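To start, the structure under review is shown below, and the notes come after it.
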Amino acid sequence: MEKIINAFALEGKVISCARHGSGHINKTFLLHTDAGKAYILQTINHHIFKDVKSLMANIASVTAFLAERESDRRRVLHLVKTRSGENYLFENGEYWRVYEAILDSLSLDLPESAEDFYQSAVAFGQFQMQLADFPAATLAETIPHFHDTPVRYENFRRAIEEDVCGRLESVKKEVEFALAREEEAGTMMRLLQEGKLPLRVTHNDTKLNNVLLDKATRKPLCVIDLDTVMPGLAANDYGDSIRFGASTATEDEKDLNKVTMSLEMFEAYTRGFLSACGKSLTETEIKTLPMGAKLMTLECGVRFLTDYLQGDTYFGTHYEGQNLDRCRTQFKLVWDMEQKWDKMAAIIDQVSKEIK
Ligand code: ADP
Ligand code: GN1
Ligand code: MG
């Protein structure tokens, strides 16, 4: 580890290094130095992100673009270069990068109040607005077909056919739930292909723990985890946030009675998101926000189930069966959204009228 740390142009000598955060993809460490500085050191998961060079070029150009428009250092991610001037390091078979740590911040796995969730929505909405003029064509697609739900279903069907771990028998109910919604799962991609929805520069992984709130004020500080910033759909950014933060339980809750989609949280997020970027969205984009929420949740459940069938090779897990637990919470949320569909649509309608 020392060799890796020494390769980056850090201020001071590192006095502590500990695992940090609850992301499923990268390995993250928080470092403190004797110069009073703190840094985030990460391995970049190159089994998932096949072209690390392009991924890091995306992040470097997006953060530089944002930094030009924002003077407060805590409000934009800042990469720390290696001593030889690179954005990342390849060492010990792993890719490494360093960011300045944003201290006195919160990264939540569940909102503690509707206000927290509202603030995260403002952050993601503003993020999309800030990137509205970003030259989208310069961005590499870091994971092809990332939110192409029909392609996610193709992978799912392959995992079912192969059943490499012999787990299929035990997840028949979940498989049936997913397949019953396959036709509807293509809705957003169909609208995109028909030219009815525009592509924007979006974040694509808008979980609550990917935005840092200021610990003191609980106002948004910084949108992080920029690995998947690519052209995408506004409703997917909105929807992925609802999937995670409007749930009344954590993503891997075992007791499904505790898992519902809170309409209060749904409304809070809708207000925050639309107040920040609603004026720039088309009517169809606004109308399809509930579908974005449902399909991001369904897609995520299908991805967890696929990974479970394939032996848990994609998402980081802490115990056997965690991906199945995650899948079940997502499907419970989808079911709950189906029960609350008219209410969700009415909230969107109401809030979008208010912001006009
Ligand atoms: P993953 O792709 O694994 O989710 P993230 O980039 O989201 O990786 O980092 C994991 C966690 O580390 C985040 O959820 C957050 O809690 C924390 N984190 C990441 N970057 C910073 C930063 N610059 N300052 C403070 N905390 C950070
Ligand atoms: C992953 O990296 P992280 O933990 O913020 C995943 C998202 C999923 C999410 C489910 C690159 O997000 O797509 O929605 O887990 N990121 C990638 O919690 O696949
Ligand atoms: Mg993350």
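Looking at the range 198-207 only, could you name the residues that are surrounded by fewer than 24 Cβ atoms within 10 Å (Cβ to Cβ) and either at positive phi or not in a loop (DSSP other than H, G, I, E, B) (or both)?
R200, V201, N204
Tally up the residues in the range 26-52 that are within 15 Å of ligand 2 (Cβ to nearest atom) and closer than 25 Å to D312 by Cβ, please.
Summing the residues that are within 15 Å of ligand 2 (Cβ to nearest atom) and closer than 25 Å to D312 by Cβ in the range 26-52 gives 14.
Does F146 count as assigned to a loop (DSSP other than H, G, I, E, B), closer than 26 Å to D225 by Cβ and aromatic (F, W, Y)?
yes
Just one of the numbered conditions (1) outside any loop (DSSP other than H, G, I, E, B); (2) touching a residue at least 24 places away in the same chain (Cβ under 8 Å); (3) farther than 17 Å from K173 by Cβ; (4) away from ligand 3 (no atom under 16 Å from the Cβ) is not true of E338; which one?
Single failed check for E338: (3).
Across the range 1-45, what is the total count of residues that are aliphatic (A, V, I, L, M) and within 16 Å of ligand 3 (Cβ to nearest atom)?
Residues flagged as aliphatic (A, V, I, L, M) and within 16 Å of ligand 3 (Cβ to nearest atom) within the range 1-45 amount to 5.
Which of the residues that make up the range 255-306 are surrounded by fewer than 24 Cβ atoms within 10 Å (Cβ to Cβ), in contact (Cβ under 8 Å) with a residue 60 or more places away in the chain and either not assigned by TED's automatic domain parsing to the domain that holds F146 or not in a helix (DSSP H, G or I) (or both)?
Scanning the range 255-306 gives V259, T260, T282.
Mind listing just one residue for me: the one in the range 208-232 that is under 13 Å from the mean Cα position of the chain (by Cα) and assigned to a loop (DSSP other than H, G, I, E, B) and, of those, surrounded by the most Cβ atoms within 10 Å (Cβ to Cβ)?
By that ranking, first place goes to V229.
Report yes if L226 is within 16 Å of ligand 3 (Cβ to nearest atom) and either touching a Pro at 6+ places or on another chain (Cβ under 7 Å) or among the hydrophobic types (A, V, I, L, M, F, W, C) (or both), otherwise no.
yes
Does the range 48-60 contain any residue that is among the aliphatic types (A, V, I, L, M) and under 21 Å from L208 (Cα atoms)?
Within the range 48-60 (the criterion being among the aliphatic types (A, V, I, L, M) and under 21 Å from L208 (Cα atoms)), the answer is yes, since at least one residue qualifies.
Taking the range 67-117, which residues are part of a helix (DSSP H, G or I), buried (at least 18 other Cβ atoms within 10 Å of the Cβ) and among the acidic types (D, E)?
D116, the sole residue that qualifies.
The values are calculated or read from the model by the stated rules, or taken from the named source; none is laboratory data. None of these values were measured; they are calculated from a predicted model. Counting neighbours? That spans all protein chains shown, and the Cβs are built from the backbone with ideal geometry, glycine included.
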